[in-house]
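Down below is the structure, laid out as structure tokens.
Only the coordinates and a few stated rules stand behind these numbers; no lab work does. Model, not experiment: these values are computed from the prediction. Glycine also receives a Cβ, built like all others from the backbone with ideal geometry; neighbour counts cover every protein chain displayed.
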Amino acid sequence: TNIILDLVQDREPYSENASRIINSCITGENRGYISSHSLVDLFFILRKDKTVEERKALILNLCKFFTIIPEEFLRL
């Protein structure tokens, strides 16, 4: 969650490294994983900075490039 927020909110000094990490997942150099709960957290946290449509677009893009880990797997 924090790496995505670093990039989306351009949080210095972390945004440049966050961009590298996320881009490596987009290009297939690395595999990215995100919990389903993190998607909910992102949608909520970004409510002050982004419109509902912008947040939906972000979540949909994350789902294209990251493997979503269901909550039940996190409880094991």
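Extending each Cα 7 Å along its Cβ direction at Val40 and Ala57, get the distance between those two points in nm, one decimal.
2.6 nm
Which far-off residues, 5 or more places away or on another chain, put their amide H under 5 Å from the one on Ile69, with H placed in the peptide plane?
Under 5 Å from the amide H of Ile69 lie the amide H atoms of Ile34, Ser35, Ser36, each far enough along the sequence or on another chain.
Given points 7 Å out from each Cα along the Cα-Cβ axis, report the Arg20 to Asp49 separation in nanometres with one decimal.
About 2.0 nm, to one decimal.
I need Arg75, Arg55, Arg47 ordered by Cβ neighbour count within 10 Å, fewest first.
So the ranking, lowest neighbour count to highest, is Arg75, Arg47, Arg55.
Below 8 Å, C-alpha to C-alpha, sequence gap of six or more: please give me the relative contact order for the chain in percent.
The normalised contact order for the chain reaches 32 percent.
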